[in-house]
Structures are given as structure tokens and as C-alpha cells.
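A.B. asks: Quick one: the structure is below, and I'll ask about it shortly.
The values are calculated or read from the model by the stated rules, or taken from the named source; none is laboratory data. Note that the structure is predicted; figures quoted are calculated from it, not measured. Note that we place each Cβ from the backbone using ideal geometry, even for glycine, and neighbour counts take in every protein chain shown.
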Amino acid sequence: MIELIGIHKSFGEKVILDGVDLSAKEGEIHFVIGTSGAGKSVLLKHIVGLLRPDRGQVLVDGVDVTHFTEKQFYPIRKKCALVLQHATLFDSMTCEENVSLPLLKHTDLSEKAALARARSLLEEVGMADYATALPVRLGDGMRKSVAVARALALEPEYMLFDEPTTSLDPLSARRVDALIAELAEKRGVGCIVVSHDLPSIFGIAHRVTMLYKGKVLASGTQEDLLGSTDPVVGQFIHGKPEGPLETT
Ligand SMILES: Nc1ncnc2c1ncn2[C@@H]1O[C@H](COP(=O)(O)OP(=O)(O)OP(=O)(O)O)[C@@H](O)[C@H]1O
Ligand SMILES: [Mg+2]
């Protein structure tokens, strides 16, 4: 389980996170939503030590990693794979070569074995037919799937997605949703997904946490959020332009 407990983070005078709690269990898909600048990406980065909290604790499988050194974070980053919005692939390498890279870097597998493993990962994300294609030939949704295959190479127990469906066409977006749902269901991967994609949220989220003004404004199941009487939550999840929600 990943647990963020009472995370406070400021940059200069600007308070971004003002005591935020968030957790994700194995097999669970937890969405983090909120307006642009709410601190969603900042929160994700705390899990893998790319940012450190001013106050609060980060626990990974019960281990307090808050004050881990950079080197101590290496195994945590294998356990918790972060997939960034613009997950970049090397365009001069084939998809299978891209996916094999972390295997060659972090395991003893031979090049041949790493490529074989890469092909099976590509198959798992529905990209088997593109193993020897160059990423430039692929659309954004397919590139995202290859990036997910690459993140899966080191068999993470948790995956952290920063806006995995932003800028994808609706069909590709739903394909990525299905992939995330499958990772959670079949592999038991715990997923934290930062997103403002309403169809994603109301398609696959087990739990949803909304950040607003540095705090957790609402947290619960899809039904809890849909039933929330908070006008700011209501405005956000129904995508209404008018309302009390203040954007930063
Ligand atoms: N390293 C940093 N140094 C200073 N300020 C930062 C840093 N990282 C983020 N911020 C600021 O923290 C705030 C929250 O940023 P964050 O990227 O987490 O927002 P977000 O919720 O992910 O928004 P978006 O939906 O646009 O991605 C922003 O005002 C941003 O400018
Ligand atoms: Mg962000």
C-alpha cells in the first residue's frame, strides 16, 4: 500500500499542499482530480522522492520513505513506476527495443531475452503487432501503451499515471483506461491516476480524491463524489463552466 499522510509542500510563499492524505492499495485505482495547478503532479512526485514534503509522511508497503536518500529511492522507483504525461520513447529504436531498455539496464537478462520479454509485454498491452515498428509510426494512444509496457518491464507493484489520457482522442483514451483497469484487476497493480478526464474517472476509478486549495475537498467512491452536496465538487465533476470553483 502507498500512503501519503498529512503532506505539506510550499514553493516559496506559495502553499501547494496543505495537509493532504492519499493512499492506494494493491489492485486499486485511485484517481486524483482537481483544477490545473491544484498540486496533483506535485503530490505524485512525493511518492517516488522527486519532491520531498515540508511536513508529513510517505509510506510504501509500511516503510517510511520520507527521509530516504536518493539512492534508497532507487528500489522504490522500481516498485512504483511513474508514467508521465509526455512519456517519451526513443524514436530511433523500435518499440520492443524501447521496452527492453529498463531490462538491459536493471536486470541480468541478455539482449535476446530482454527483447523476448519486451515482446510479451507489448502483447500484454495490445501492441504485439508493432514490436518492430518505430514509435514515430504510432498515434499518441499507441505510444502511451508502449510507454506503459516499458513501465511494466520492472514489474512494478504500483503505477502512478500523470494524465494518461490527456490529449488522446476518445477511443485511444478509453483503450488506455481499459489497460489501467486490466493492470489493476489481473496483475493487482495499485494505480494512482492524476486526471481531469471525466469519462476515465467515471469509467474505471475505484476511489476519487479531489484536491482544492491545497486540501482534500472530497474523497470516496464514484457514487460518493456524484452524490456530494459540495458545490465545488459538483461543478468540477459535472464540468460546468459556471460556479463557485476558483481556478488558480
Ligand atoms: N519545482 C517547482 N518549483 C516551484 N513551483 C512548482 C514546482 N513544481 C510545481 N510548482 C507549482 O506548484 C503548483 C502545482 O503544480 P502541479 O504541477 O502539481 O499542478 P497540477 O495540479 O498537476 O496541474 P495541471 O493539471 O496543470 O498539471 C503550480 O502552481 C506550480 O507552478
Ligand atoms: Mg500536473
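A.B. asks: Among the numbered criteria (1) among the β-branched types (Val, Ile, Thr); (2) under 19 Å from Val125 (Cβ atoms); (3) within 18 Å of the chain's Cα centre (by Cα), which one does Val48 miss?
C.D. replies: (2)
A.B. asks: Quick one: how many residues across the range 62-87 are in contact (Cβ under 8 Å) with a residue 40 or more places away in the chain and out of contact with any strand residue (DSSP E or B) (no Cβ under 8 Å at 6 or more places or on another chain)?
C.D. replies: Qualifying residue count for the region: 3.
A.B. asks: Return the total of residues in the range 2-56 being in contact (Cβ under 8 Å) with a residue 60 or more places away in the chain, outside any strand (DSSP E or B), of a type outside the set (A, V, I, L, M) and more than 11 Å from ligand 1 (Cβ to nearest atom).
C.D. replies: 4
A.B. asks: Looking only at the range 149-180, count every residue that is within 15 Å of ligand 1 (Cβ to nearest atom) and within 14 Å of the chain's Cα centre (by Cα) and tell me the total.
C.D. replies: Summing the residues that are within 15 Å of ligand 1 (Cβ to nearest atom) and within 14 Å of the chain's Cα centre (by Cα) in the range 149-180 gives 7.
A.B. asks: Now a separate question. Looking only at the range 20-40, count every residue that is more than 16 Å from Ile2 (Cα to Cα) and either touching a Leu at 6+ places or on another chain (Cβ under 9 Å) or surrounded by 15 or more Cβ atoms within 10 Å (Cβ to Cβ) (or both) and tell me the total.
C.D. replies: Counting residues in the range 20-40 that are more than 16 Å from Ile2 (Cα to Cα) and either touching a Leu at 6+ places or on another chain (Cβ under 9 Å) or surrounded by 15 or more Cβ atoms within 10 Å (Cβ to Cβ) (or both) gives 5.
A.B. asks: Just wondering, is there one or more residues in the range 76-92 that are away from ligand 1 (no atom under 16 Å from the Cβ) and on the phi > 0 side of the Ramachandran plot?
C.D. replies: Within the range 76-92, the subset away from ligand 1 (no atom under 16 Å from the Cβ) is 76-81, 88-92.
When the remaining residues are screened for being on the phi > 0 side of the Ramachandran plot, the result is none.
No, there is no match, as no residue in the range 76-92 is away from ligand 1 (no atom under 16 Å from the Cβ) and on the phi > 0 side of the Ramachandran plot.
A.B. asks: Those residues that are at pLDDT 90 or above and not in a helix (DSSP H, G or I), I need them from the range 166-191; list them, please.
C.D. replies: Within the range 166-191, Gly188, Val189, Gly190, Cys191 meet the criteria.
A.B. asks: Something else about it: What residue, among those in the range 93-119 that are of a type in the set (S, T, N, Q) and at pLDDT 95 or above, is surrounded by the fewest Cβ atoms within 10 Å (Cβ to Cβ)?
C.D. replies: If we take residues in the range 93-119 being of a type in the set (S, T, N, Q) and at pLDDT 95 or above, then Ser110 is surrounded by the fewest Cβ atoms within 10 Å (Cβ to Cβ).
Condition check ((1) of a type in the set (Phe, Trp, Tyr); (2) over 17 Å from Leu179 (Cα atoms); (3) touching a residue at least 40 places away in the same chain (Cβ under 8 Å); (4) not in a loop (DSSP other than H, G, I, E, B)) across all residues:
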{"site": "Leu104", "(1), (2), (3), (4)": "no, yes, no, yes"}
{"site": "Leu109", "(1), (2), (3), (4)": "no, yes, no, no"}
{"site": "Ala114", "(1), (2), (3), (4)": "no, yes, no, yes"}
{"site": "Ser120", "(1), (2), (3), (4)": "no, no, no, yes"}
